[in-house]
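This report concerns only the one structure given below.
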Amino acid sequence: MAGITSIGLLIGGLALWAPMVRADTMSPGTMSPETIRKVARLELARSIRAFATGSLANGECLVRSGQLSQQQADQATTIALQEMGISAAVLENPQVRKAADLLAQELTDSCDLSSLDGETAQQLVQDEL
């Protein structure tokens, strides 16, 4: 179960990093408060989907490698999401499913992302979400 949380945190952290970089390059004075709120909502939603993507991809990898049953992976993924205050319903999002499939292809036999650098992993997930 720890693997699911750690990969989810990694992808979630990658997703959260991108908005901060973009925010640093924009002058807050040039955007209206409504625009700032809208951008924040969109980025939060993307970050939630990214965390779910990482959790789902890692769970599927652990099932394929025989380390967890499908039921155990489903439970662990749901728990990881709930611990972050995220509804498991996000796992039904087609974007999350597709991104998880793409990410799962990049996971090593030990279900980690050591084959990808952070920027590549971030881009892979962000392009889909």
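The values are calculated or read from the model by the stated rules, or taken from the named source; none is laboratory data. Source: prediction; values computed, not measured. Here Cβ is always computed from backbone atoms with ideal geometry, including for glycine, and neighbour counts include all displayed protein chains.
Mind listing just one residue for me: the one in segment 99-116 that is in a loop (DSSP other than H, G, I, E, B) and at pLDDT 80 or above and, of those, surrounded by the fewest Cβ atoms within 10 Å (Cβ to Cβ)? So the residue we want is 109.
Let's see how each residue does on (1) surrounded by 14 or more Cβ atoms within 10 Å (Cβ to Cβ); (2) among the polar types (S, T, N, Q); (3) closer than 15 Å to residue 128 by Cβ:
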position	(1), (2), (3)
37	no, no, no
45	no, no, yes
52	yes, no, yes
58	yes, yes, no
64	yes, no, no
76	yes, no, no
88	yes, no, no
95	yes, yes, yes
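For segment 73-98, the set of residues classified as closer than 19 Å to residue 44 by Cα, among the hydrophobic types (A, V, I, L, M, F, W, C) and part of a helix (DSSP H, G or I) consists of 80, 81, 88, 89, 90, 91, 96, listed by residue number.
In the set (1) surrounded by fewer than 20 Cβ atoms within 10 Å (Cβ to Cβ); (2) assigned to a loop (DSSP other than H, G, I, E, B), the condition left unmet by residue 68 is number (1).
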